[in-house]
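Just so you know, all these numbers are worked out from the coordinates, no wet-lab data involved. Because the structure is a prediction, the values reported are computed rather than measured. Virtual Cβ from ideal backbone geometry, glycine too; neighbours counted across all protein chains shown.
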Amino acid sequence: MTNLITSKLRVSKSALLVAGVVTILAQLPAVANDDSAKTARYYRQQAAAAYKAKDYAAAIENFKKAAELIPDHPTLHYNLACVYALAGKKQQALASLAKIAEMGVIMPIEKDGDLDSIKGTPEFKLILKRLEASKLPVVRSTTAFTIHEKGLITEGLAYDPVEETFFVSSVHKRRILKISKKREVETFASEQDGLFSALGMSVDAKRRHLWVTSAAFPQMVNFKKDEQGLSAVFKFDLRSNKLLKKYVLSNETKKHALGDLVIQSNGDVFTTDSLSPAVYVIRAQKDEIELFLEDPGFGSPQGLAFSRGEQHLFMADYSTGLFDIDVKTKKVTHLAPLAGATMLGIDGLYFHKGGLIAVQNGVNPQRVLRISLSKDLARALRLEVLEANNPVFLEPTLGVLVRGTFYFIANSQWPLVDENGKLAAEERLRDPVVLKINLDAR
């Protein structure tokens with residue numbers, strides 16, 4: 001049976017929704033202020049205890065209740081399949097596996113002893129073929145540029161249309177790199193500017209500012225334990241390349257991880273906190289960071305994207321899916337799951353021509369998606385895989401839209417740095433690559 005990890009902590013990012021074969025769910029990290037995930041978590045814990053006691057009827061009942069709350073969670077259906085098979089309910093087990101196959105994700109069904117009772121059936125073999133098909137590459141991208149420096153652990157990407165330059169953030173080395181139009185690389189900001197791990201970024205071209213989120217992670221060089229849970233937003237002046245202001249969230253009462261941000265046309269900056277789930281705002285006029293919104297449905301907020309007209313602020317929650325926030329009223333709407341698909345595990349989120357572009361690194365395979373929305377933006381209609389199983393991928397993260405082309409970090413290499421800040425062996429590290437996809441090409 002596979003472990004269910006439904007919150008994304010930036011200190012452990014790789015394929016959390018479908019992490020390895022583990023049996024005890026008690027290892028799950030705590031998820032605060034997440035009503036649906038909290039309730040589902042309760043049922044999962046009850047199911048884990050029942051599974052351990054070999055009370056498969058109770059395990060089935062509790063997994064079913066959890067799946068009713070998060071119906072597009074592939075691992076819930078996988079664990080249901082396992083306990084169904086152990087209980088001798090072969091058709092129900094196969095039906096649960098079929099749901100996973102329909103989502104296009106990969107699970108280690110051929111290796112799991114819990115499923116032995118159904119492995120000889122024609123239906124199982126057909127499902128296995130469908131899962132194998134999900135391993136096939138879908139590659140529409142080309143290389144935009146490569147940075148010839150290993151060990152950065154890259155996360156964020158921003159673009160300045162005035163100078164036609166890109167910015168890339170480093171988690172491990174606490175730096176921001178500037179890549180010129182000629183693809184010359186220089187350090188724009190560093191630990192000397194007070195940066196922790198540098199994360200999400202966005203350029204306010206009109207006001208000539210670069211906004212950056214940063215959090216004190218154990219994966220960064222010179223990490224100090226008493227800094228853990230500190231997070232901040234940095235505002236840099238693109239005219240002088242100087243730091244203008246640092247907006248800090250203290251770790252005294254809560255731990256924070258401001259991971260991504262988006263800029264409204266009036267200059268207001270919105271950013272997500274994935275550790276103490278919330279959205280914060282820095283109003284252009286007030287110039288201070290303040291809480292914008294908390295909601296019991298939030299579990300691990302990640303990417304943000306404004307709709308055209310900026311009435312809708314879409315937010316990706318790693319553990320519970322997509323949300324639509326009305327910027328004026330602060331009304332929060334949880335977008336309904338899409339049948340036959342999963343919208344969990346999304347990191348970066350971008351609005352494009354009435355739909356959403358998403359980097360989904362919390363499932364296997366990690367993917368870039370196009371999510372079509374209804375005209376009123378209230379519902380997801382269709383999910384299209386733009387990129388998956390690209391050999392370059394090693395935890396794709398965030399990106400930026402530039403005139404109909406989506407640029408994104410293809411190989412952040414988060415799995416290659418441990419929680420003591422130690423990098424993997426040199427031969428395993430790669431040069432960071434930024435890929436690009438022409439969204440209008442057919």
Task: Over the chain, relative contact order from alpha-carbon pairs under 8 Å, at least 6 apart, % - done: 15
Open item on the list: Over 30 Å between Cα atoms: which of Lys331/Lys375; Lys286/Lys330; Lys235/Lys375 fall into that group?
Closed with: Lys235/Lys375
- [ ] With everything on Cα atoms, drop me the angle between helix 56-69 and the longest principal axis of the chain, reported from 0 to 90° to the nearest 10.
- [x] 40
Task: Acute angle (nearest 10 degrees) that the helix 90-103 long axis makes with the longest principal axis of the chain, alpha-carbon atoms - done: 20
Task: Hz values of 3J(HN,Hα) by residue in the range 119-124 - Karplus curve (6.51, -1.76, 1.60), Gly and Pro given as x - done: 5, x, 7, x, 5, 4
Open item on the list: For the range 313-442, what does the relative contact order come out to in percent, with C-alpha contacts under 8 Å and a separation of six or more?
Closed with: 15
Open item on the list: Taking the number of other C-beta atoms within 10 Å as the exposure measure, put His256, His148, His334 in order starting with the fewest.
Closed with: His148, His334, His256
- [ ] Please work out the FRET efficiency for the pair Glu68 and Lys182, using the Cβ-Cβ distance as r and a Förster radius of 56 Å; give the result to the nearest 0.05.
- [x] 0.55
Task: Value of [θ]222 nm, deg cm²/dmol, for the chain, DSSP H segments ≥ 4, -39500 (n - 2.57) each, nearest 500 - done: -5000 deg cm²/dmol
Task: Two-site label geometry, Lys353 and Asp160: point separation in nm, points 7 Å out along Cα→Cβ - done: 3.0
TODO: With springs only between Cα atoms under 10 Å apart, run a GNM on the chain and tell me which of Gly404, Gly297, Gly200 wobbles the most.
DONE: Gly404
Task: Packing-based ranking, highest mean first, of 373-379, 289-295, 383-389 given that Cβ atoms within 10 Å are counted - done: 383-389, 289-295, 373-379
- [ ] Take Thr143, project a point 7 Å from its Cα along the Cβ direction, then tell me which residues of the range 402-433 have their backbone nitrogen under 17 Å from it.
- [x] 407-413, 429-433
- [ ] Quote the FRET efficiency, to the nearest 0.05, computed for Lys330 versus Lys286 with a Förster distance R0 of 25 Å and r equal to the Cβ-Cβ distance.
- [x] 0.90
Open item on the list: From the convex hull of the Cα coordinates of the chain, what is the mean projected area in square nanometres?
Closed with: 20.6
TODO: Report the extension gain between Ser307 and Lys254 in nm, rounded to one decimal, defined as 0.36 nm multiplied by the number of residues separating them, less their alpha carbon distance.
DONE: 16.0 nm
Task: Of Thr143, Leu258, Ile409, farthest towards positive along the dipole that unit charges on Lys, Arg, Asp, Glu beta carbons give the chain - done: Thr143
Open item on the list: About the Cα centre, and with charges only on the beta carbon of Lys, Arg (+1) and Asp, Glu (-1), how big is the dipole of the chain? Nearest 20 debye, please.
Closed with: 580
